[in-house]
Amino acid sequence: MVRAILCAGACAAAGVLLAGAMKADGISEKARKLHFSSIVVDTHDDTTQRFLDGNFDLGARSSTGSIDIPRMREGNLSAIFFSIWIPSKVTGPEAVDRALVQIDAVREQVRKHPNDVVLATTAAEIREARKQGKIAALMGVEGGHMINSDLGVLRSYAALGVRYMTLTHSGNDEWADSSTDKAVHNGLSEFGKDVVREMNRLGVMVDISHVSDKTFYDALEVSKAPLIASHSSCRAICDAPRNMTDQMMKDLGAKGGVVQINYHVGFLSQEFRNAEKADPEINKAISARVMERCGDNEGCQLIEGDRITREYVAQGKLPRVDFAKIIEHIDHAVKAAGVDHVGLGSDFDGANMPYGMEDATKLPAITEALLQRGYSEGDVKKILGENTLRVMAEVERVSRELNSAPKK
Amino acid sequence: MRRVLAFLCVSVCLSAGFFFAFSASADDIAERAKKLHFSSIVLDTHADTPQRMLTGKFDLGKRDTEGHVDIPRMREGGLNAQFFSIFISGRILGPPAIQQACDQIDIVRQNIQQHNKNLMLATTAEEIRRAHAQGKIAILMGMEGGHMIGNDIHMVRNYARLGVRYMTLAHFYNDEWADSSTDKPAHNGLTDFGKEVVREMNRQGMLVDISHVSDKTFYDALEVSRVPLIASHSSVRAISNHPRNMSDDMIKALAAKGGVIQVNYERNYLSEEYRAAFATIAGDVSRMEEKFKKECGDDNVCIGKAEIKLTRDLTDAGKLPHVSWEKIVEHIDHVVKLVGPEHVGMGSDFDGADMPEGLEDCSKLPKITEALLRKGYKEDDIRKILGGNILRVMEQSEKVSKEMQAVQ
């Protein structure tokens, strides 16, 4: 009831705006102003994979992929979490080594672009970067397998600047179950709970994207700080195990956490997911072509996967998903968890992007769409980044508290 | 050249004579030495205390009856800046070496945090001075062996970020890119990659440590490095003819480029008599060492303890000679005579070697200051030897690093 009234009011206002100030790209002056005065945080980008072959320059506008400095500037992406990721099947010390290679790759890119990018490890540093007109680069480790069950390694990552860790990737690790693997730990093992506690102490955000529902609930119970889902969408709209149920989002929000909506078409659209399921040969064929072009270059695989998927869409073999689906998920998550508990976790450079959200330059369209839906400017700012900044600040507070607590 | 030296000697002797005759009783010197020592930055570049931390039974905050270093004894000996050595066996390579090195860095950092009323992590000369001004002990980290980078340049950068401020290019065995002084040459000094490692160390502000390396590796490093080298724990070959020690020519070449040799207190390196006697029973000793390794497993502290007990027993049995702490002063004085007081310092090898009689632990360090004063050394020169020389090289290293980092 309340929503209907709000919508009527907003629609009237939007109508005025549309009549008066809409630019060619469909972004109103109001939305543009709001967007470019906001801190826009994206908690998940796989651009790191592109750094690894040594040929990618973050500073140059690229015709492929979704992220580089010029396009981040154009879309006002102010703070980006570069993902440290290796496949779940890589374990042991090799996983540690490869994660460290990627941390170094991110930090070297930051060093090479001192006028545009600065490493940030706290909410305050993101705000400071913004003041200096720089993009804040952060790091998240996507998969607990990369610590090789060693808290010393976790602490080393934290010391190197990593600020969240996804407890698993698509396979279970040694201490936590994934949503896309057969459960073996019944959620978090005892050691897994120690990992979460240590993350709290270190001020590393606990990321529950990818994990099984039971792992999520275990983490929610153990963690003294709010959780994040760095790149997950709504299961009620698209029934992928990687997405969150309304109840999970509600519980996440009740403890102060935030779900960061993933733009991957397979997580946004049930129709797309059904089409993939109906004809498994399509994904097999895409994989085969990707492997042919990229071999084991994971950065190439991710970019080519997106490009070839688009070809199938263009041929009508897979349904076309519009970026409006992102807004639908945001709106649904807001209804389930509250407007203080939703944000953006694109999965750029690591997934298949919907039409209209091909890269970071398109982000103002989200602001425009939310305003059109009747969201207040304050609420849009929250979704764009302030919610994530709030969680970061809270995680930092908990960390300080745990570190100052007298030792037993 | 000789004339100049002779002249210098005469004038030093004269002033020393003057000093003795008119203004100082023995007690005055003791008093002056004490004042000098406890007002100086006393910096030691090599202690293996992290091995003791790894046992899990060691508390750095408590005075121990074993080992050489703990906070109470550091306070007593005026030792206020200490490089803790990150060391794993040179037989461990690749990703496992990386993970274990990270664990050791972590354990040092945790110990510092645990004792933050007394200790402070320092990574620059300025931070050492700040710690001193605050009455805290500055803890630094040095990595003893290039094998711990896992043959990958990215780890030079990551270790630097974690706070490591020197790296010994090899340990007892050659690594993948540098020859050791105690292994059969395999690379003819530094490989091309080894040279790249040295350049990257310069860029990262990590001092290049040539203790342990072959003579050829030393000369290669000397040629490549843009920053003066250090020998973190090496003594004088002219006094004890051990391959781990440096020849006079090497010391001259090191000094000509501004470097510093930090005298090692190990009996074998201090005394030719001891070294020769030890060599004759080396077969027996290595058989015993094998036995210790079997008994102790990979507990390096246990092995070290058994070894020291063995040499004590052999000394008592008259099979090994006694070695006095005064040998340390002899080594320092040899270097000073050779290249002046700007190129020598202290790299005890505490907790990793067999200490001479009279310098059983770090509480005995004021004796060195007093002995140097009695030899007629100027107070300023003694301060350089106690720590000033290393601070100078660190400052140079920081300057070069800044310049190199700015290049994209």
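No lab work stands behind these numbers, since they all come straight from the coordinates. Computed from a predicted model, the values in this text were never measured in an experiment. Neighbour counts run over all protein chains shown; Cβ positions are idealised from the backbone, glycine included.
Is there a simple number for the mean count of other chain Cβ atoms within 10 Å of the Cβ of residues in A:146-153, and what is it?
Details: counts 0, 1, 3, 0, 5, 2, 10, 5.
For peptide A:146-153, the averaged partner shielding equals 3.
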Three-way shape call for chain B based on the alpha-carbon gyration tensor, with the a/c threshold at 1.5: rounded
Value of relative contact order over chain B, rounded to a whole percent, pairs C-alpha under 8 Å and six or more apart: 19
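Strictly over 31 Å apart at the Cα level, which of A:K134/B:K257; A:K30/A:K131; A:K317/A:K382; A:K182/A:K224 would you flag in this model?
Details: A:K134/B:K257 40 Å; A:K30/A:K131 22 Å; A:K317/A:K382 37 Å; A:K182/A:K224 28 Å.
Table pairs above 31 Å Cα-Cα are A:K134/B:K257; A:K317/A:K382.
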Average other protein chain Cβ within 10 Å of Cβ, residues A:90-96: 4
B:D59 paired with B:N151, simple spin-label distance in nm, labels 7 Å along Cα-to-beta-carbon: 4.4
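Could you calculate the FRET efficiency of A:A324 with A:S376 from 1/(1 + (r/R0)^6), where r is the beta carbon distance between them and R0 is 35 Å, rounded to 0.05?
Numbers: r = 20 Å, r/R0 = 0.57.
Computed FRET efficiency for A:A324 and A:S376 comes out at 0.95.
Checking the a/c ratio against 1.5 first, then a/b against b/c, what shape does the Cα gyration tensor give for region A:297-406? Don't skip to the answer; put the middle values down first.
Values: a/c = 3.04, a/b = 1.55, b/c = 1.96.
Verdict is oblate for region A:297-406.
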Local electrostatic count, B:A33, Cβ distance below 9 Å [Lys/Arg +1, Asp/Glu -1]: +3
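In nm, what is the difference between 0.36 nm times the number of residues separating A:E29 and A:E401 and their Cα-Cα distance? Write out the running numbers ahead of the final one.
On the way: separation 372, 0.36 × 372 = 133.92 nm, distance 4.35 nm.
Contour length minus the Cα-Cα distance gives 129.6 nm.
Using the scaling law 2.2 N^0.38 Å as the reference, what is the normalised Cα Rg of the protein assembly as shown?
Cα Rg divided by the expected 2.2 N^0.38 Å: 1.11.
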Estimated distance in nm for a label pair at B:E273 and A:A285, the labels positioned 7 Å out from Cα along Cα-to-Cβ: 8.8
Inter-probe distance in nm under a simple model that places probes 7 Å from Cα toward Cβ, at B:A186 and A:F191: 3.2
Chain A: most fluctuating residue of A:N76, A:N186, A:N387 per GNM, C-alpha cutoff 10 Å: A:N186
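What does the convex hull of the Cα atoms come to per residue for chain A, in Å³? Show your work: numbers first, answer last.
Working: hull volume 57.4 nm³, N = 408.
Residue-normalised Cα hull volume stands at 141 Å³.
Could you tell me which helices of chain A pass both thresholds, a Cα extent of 15 Å or more along their own axis and a mean Kyte-Doolittle hydropathy of at least 1.0, with helices taken as whole DSSP H runs?
Working: long enough: A:2-21 (28 Å, 1.90); A:92-112 (31 Å, -0.47); A:190-202 (18 Å, -0.80); A:280-294 (21 Å, -0.31); A:298-314 (24 Å, -0.47); A:324-337 (20 Å, 0.26); A:387-404 (26 Å, -0.52).
Within chain A the helices that satisfy the rule are A:2-21.
Determine the percent antiparallel among the DSSP beta bridges restricted to chain B, to the nearest 5. Could the numbers behind the result be given before it?
Details: 2 of 31 bridges.
If we restrict to bridges inside chain B, about 5 percent are antiparallel.
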Sequence-distant lysines (8 or more away, or on other chains) whose Cα lies within less than 26 Å of B:K367: B:K34, B:K35, B:K62, B:K136, B:K305, B:K309, B:K327, B:K337, B:K375, B:K378, B:K384
Dipole of region B:239-391, positive direction: furthest Cα of B:A306, B:W325, B:I261, with charges on the beta-carbon: B:I261
Spatially proximal aspartates and glutamates relative to B:K252 (Cα-Cα < 19 Å; intrachain offsets below 8 disregarded): B:D209, B:D215, B:D220, B:E223, B:E330, B:D333, B:E342, B:D381
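Could you give the dipole magnitude of the protein assembly as shown about its Cα centre, charging the beta-carbon of Lys and Arg +1 and that of Asp and Glu -1, in debye to the nearest 20? Display every interim value, and only then the final one.
Numbers: 102 positive and 115 negative charges, 409 e Å.
Around 1960 debye, computed over the protein assembly as shown.
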Distribution of pairwise C-alpha distances over region A:240-356, 5 Å bins, in %: 2, 12, 19, 21, 17, 12, 9, 6, 2, 0
Partner aspartates and glutamates for A:K277 [C-alpha distance under 19 Å; skip if fewer than 8 residues away on the same chain]: A:D181, A:D239, A:D306, A:E311
Least to most buried among B:M404, A:M249 (fewest other Cβ within 10 Å first): B:M404, A:M249
Cα lying deepest toward the dipole's positive end in region A:37-188, options A:T64, A:Q49, A:G75, charges on Cβ: A:G75
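Per residue of A:156-169, what is the mean number of Cβ atoms on other protein chains within 10 angstrom of that residue's Cβ? Before the final figure, lay out the partial values.
Numbers: counts 12, 1, 1, 8, 5, 1, 0, 0, 0, 0, 0, 0, 0, 0.
So the per-residue partner count for this stretch is 2.
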Computed FRET value (nearest 0.05) for B:I29 with B:D248, which takes r as the C-beta separation and R₀ as 35 Å: 0.70
Beta bridges by DSSP in the protein assembly as shown, antiparallel share as percent, to the nearest 5: 10
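Sorted by mean Cβ packing within 10 Å, highest first, what order do the peptides B:147-154, A:223-230 take? Could the numbers behind the result be given before it?
On the way: B:147-154: 22.0, A:223-230: 25.5.
In decreasing order of mean packing, B:147-154, A:223-230 become A:223-230, B:147-154.
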Most mobile of A:L344, A:L77, A:L318 in a GNM of chain A (Cα contacts under 10 Å): A:L318
Within region B:289-349, trypsin sites (Lys or Arg not before Pro) in DSSP loop having at most 14 other beta-carbon neighbours inside 10 Å: B:K319
Span-rule helices in chain B, defined as complete DSSP H runs reaching 27 Å or more along the axis (Cα) with Kyte mean at least -0.5: B:2-22
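For region B:157-213, give the magnitude of the charge dipole about the Cα centre (Cβ charges: +1 Lys/Arg, -1 Asp/Glu; no others), in debye to the nearest 20.
On the way: 7 positive and 8 negative charges, 65 e Å.
Once rounded to the nearest 20, the dipole reads 320 debye.
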Segment B:E76-B:H322, extension gain: residue separation times 0.36 nm, minus the distance between their alpha carbons: 86.0 nm
Dipole in debye (nearest 20) - chain A, about Cα centre, beta carbon charges: Lys, Arg +1; Asp, Glu -1: 1100
Candidates B:C102, B:C362, B:C296: whichever shows maximal mean-square fluctuation once chain B is modelled as a Gaussian network with Cα springs under 10 Å: B:C296
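Quick one: order B:L36, A:L363, A:L167, A:L402 by neighbouring beta-carbon count within 10 Å, fewest to most. Walk me through the numbers on the way to the answer.
Details: B:L36 20, A:L363 25, A:L167 30, A:L402 16.
Going from least to most buried by this count: A:L402, B:L36, A:L363, A:L167.
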Ranked A:D25, A:D194, A:D306, criterion: other C-beta atoms within 10 Å, fewest first: A:D25, A:D194, A:D306
